[in-house]
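The values are calculated or read from the model by the stated rules, or taken from the named source; none is laboratory data. Every value quoted in this text rests on a predicted model; they were computed, and no experiment measured them. Cβ placement follows ideal geometry from the backbone for every residue including glycine, while neighbour counts extend to all protein chains displayed.
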Ligand SMILES: Cc1cc2nc3c(=O)[nH]c(=O)nc-3n(C[C@H](O)[C@H](O)[C@H](O)COP(=O)(O)O)c2cc1C
C-alpha cells in the first residue's frame, strides 16, 4: 500500500474542504494532510503519492502560500513519486484562467521528476474559456468550482478518486 500525503493551499477554505473530502475518500489520516503555509518540503519526501491542491487567485496565479511552496517543491527530487493535482477556481468570473494553478503545479511536479496521475479529466462537463490545466484538451488534474457549482463537488471528487485508485494502490 502506497503512502499518500495531501498538501494544499487555501485562502478562504474551499481547497481545504476539498482536501478533506479527498482525504476521507482515500482513507488518508489527518496527520498526512498539510497546509503548505506551514509545511516543509522535507515532508514531501515521506510519501509515495502526493496529492497537491491549490486555488487559483490573482489572474491565473497560484494561491499565496503556494507561491512560496512551489519553489521548495521544484528544488525537491520527486523522482519515483506519483503526483495528482486538484484545484478550485471560478469558471464564470475567471473563465480565461480557470483553475490555472492545476497546470502550474503539475508542470512543476513533473519538472521535479514526479509522474503525473489523475490526469485526463474530460473538460466537457465544465463551462469556461481557457485554462493552463488543459493538456491535449483534457484537465491534467481535478478542477472544482465551489463558487458556481458546489452541488457537483462531491460527485466530481468521488469520480476522480475512483480513477485515481486505478493508478495508485
Ligand atoms: C481575488 C481573486 C482572484 C481569483 N482569480 C481566479 C482565477 O484567476 N482563476 C480561477 O479559476 N479562480 C479565481 N478565483 C476564484 C478562487 O480560486 C475560488 O473562489 C476558490 O474556490 C478559492 O479557494 P480557496 O478558499 O481555497 O482559496 C479568484 C478569487 C479571488 C477572490
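Below is a table of values for the structure above.
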read-out: Answer from 150, 143 - the residue that is modelled with pLDDT of 95 or more and within 16 Å of the chain's Cα centre (by Cα); value: 143
read-out: Candidate set from the stretch 76-96 (those that are crowded, with 24+ Cβ neighbours inside 10 Å and over 19 Å from residue 39 (Cα atoms)); member that is nearest to the chain's Cα centre (by Cα); value: 88
read-out: Hits in the stretch 121-142 - residues which are within 15 Å of residue 106 (Cβ to Cβ), within 15 Å of the ligand (Cβ to nearest atom) and out of contact with any strand residue (DSSP E or B) (no Cβ under 6 Å at 6 or more places or on another chain); value: 131, 132, 134, 140
read-out: Qualifying residue in the stretch 103-116 (condition: part of a strand (DSSP E or B), near the ligand (Cβ under 9 Å from one of its atoms) and surrounded by fewer than 23 Cβ atoms within 10 Å (Cβ to Cβ)); value: no
read-out: Some residue of the stretch 155-169 being surrounded by 15 or more Cβ atoms within 10 Å (Cβ to Cβ), over 16 Å from the mean Cα position of the chain (by Cα) and either free of Cβ contacts under 8 Å to residues at least 40 places away in the same chain or within 24 Å of residue 44 (Cα to Cα) (or both); value: no
read-out: Scan of the stretch 1-18 for residues that are near the ligand (Cβ under 8 Å from one of its atoms) and more than 14 Å from the chain's Cα centre (by Cα), ordered by number; value: 11, 12, 13
read-out: Residue selected from the stretch 21-35 under the condition surrounded by fewer than 16 Cβ atoms within 10 Å (Cβ to Cβ) and touching a helix residue (DSSP H, G or I) at 6+ places or on another chain (Cβ under 8 Å), by the criterion nearest to residue 146 (Cα to Cα); value: 30
read-out: Subset of the stretch 120-153 [surrounded by 13 or more Cβ atoms within 10 Å (Cβ to Cβ) and assigned to a helix (DSSP H, G or I)]; value: 123, 125, 152, 153
read-out: Condition broken by residue 21, with the remaining ones in (1) away from the ligand (no atom under 16 Å from the Cβ); (2) modelled with pLDDT of 95 or more satisfied; value: (1)
